[in-house]
1. Go through (1) among the hydroxyl-bearing types (Ser, Thr, Tyr); (2) over 23 Å from residue 2 (Cβ atoms); (3) crowded, with 18+ Cβ neighbours inside 10 Å for residue 143 and report which single condition fails.
2. Determine if the stretch 59-80 includes at least one residue that is under 30 Å from residue 215 (Cβ atoms), modelled with pLDDT of 95 or more and of a type in the set (S, T, N, Q).
3. Which of the residues that make up the stretch 208-257 are among the aliphatic types (A, V, I, L, M) and out of contact with any Phe, Trp or Tyr (no Cβ under 8 Å at 6 or more places or on another chain)?
4. Scanning for something under 22 Å from residue 132 (Cα atoms) and among the polar types (S, T, N, Q), does the stretch 13-33 turn up at least one residue?
5. Of all residues in the stretch 30-74, which are out of contact with any strand residue (DSSP E or B) (no Cβ under 9 Å at 6 or more places or on another chain), more than 20 Å from residue 140 (Cβ to Cβ) and of a type outside the set (A, V, I, L, M)?
Amino acid sequence: MQRYFVAAEQFGDTEIRLVGEDAHHAVRVMRSRPGDKFIVSDGQSRTALVEVIEAAPTLIIAEIVEMLSADSEPKWAVTIAQSLPKGDKMELVIQKGTEIGAFAFVPFQSERMIVQYDAKKEAKRMDRWGKIAKEAAEQAHRSRIPAIEPLHSWRELMKSIANYDLALFCYEREGHQAHGRGIRAAVGAWFAGRTEDSHPRVLLIVGSEGGFTDREAIEAEAAGAVLVGLGRRILRTETAGIVGLTCLLYESGEMGGA
């Protein structure tokens, strides 16, 4: 069943309103008419099954039929910190990461970042990313839309590590047989002595096409991040975050793991 996110002020006690692009999509694409039903969420705590009362390309008014439980969110809040990749790769990370269950996204600058950051394009890019996250959250029947933070500098990212319960730094050297640990070992070490109902805030840090420098790895570890590998193969930057997120949600029991 089709799902839409609406602003809190559009979600009333007995009815909701779809406006703008959402109303246009419902009427022109989904062919919604009075009597049709779909699901709406305010992206926070309220989700409802609604029935269309009035339908126009710029406004849909729908009556709330039933309030639904919002139980589609993972119990682990995993934020993907992605060094800004070139082209439209960040769009893929946001789209697929949202579908899988990412809590938020933090694009950042790293030493080997290939793309040239253009501040003039920031607002347009953030708007595009926000739309992609919203559409992906609707498709995946999420109860919330992941937040997308403005581009962070490396120093800003390092300072933010203290805001998380666990920060994992995806470093290709850790994936080689002769080096460190993987995600399962890092998660297991963090959970030692904690209860199973812990709801950790996890930061998953992924490098750009050129990977991370040794200096960045040292600084990340000094800031409190745990260096982890994603296997003995070298993954593309747009693949690494998706793989890491999936591993974490599997370990959380979201996909039958823990």
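1. (2)
2. Checked against the condition, which is being under 30 Å from residue 215 (Cβ atoms), modelled with pLDDT of 95 or more and of a type in the set (S, T, N, Q), the stretch 59-80 yields at least one hit.
3. Matches in the stretch 208-257: 218, 222, 223, 230, 234, 235, 240, 242, 243, 245, 255.
4. So far as the stretch 13-33 goes, no, none of its residues is under 22 Å from residue 132 (Cα atoms) and among the polar types (S, T, N, Q).
5. Once the filter is applied, which keeps residues that are out of contact with any strand residue (DSSP E or B) (no Cβ under 9 Å at 6 or more places or on another chain), more than 20 Å from residue 140 (Cβ to Cβ) and of a type outside the set (A, V, I, L, M), the stretch 30-74 yields 31, 57.
Listed here are the residues, each with its yes/no results for (1) assigned by TED's automatic domain parsing to the domain that holds residue 200; (2) of a type in the set (Lys, Arg).
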| site | (1), (2) |
| --- | --- |
| 27 | no, no |
| 34 | no, no |
| 38 | no, no |
| 60 | no, no |
| 82 | yes, no |
| 86 | yes, yes |
| 89 | yes, yes |
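The values are calculated or read from the model by the stated rules, or taken from the named source; none is laboratory data. Only a predicted model underlies this, so the values are computations on that prediction, with no experimental measurement involved. Note that each Cβ is placed from the backbone with ideal geometry, even for glycine, and that neighbours are counted across all protein chains shown.
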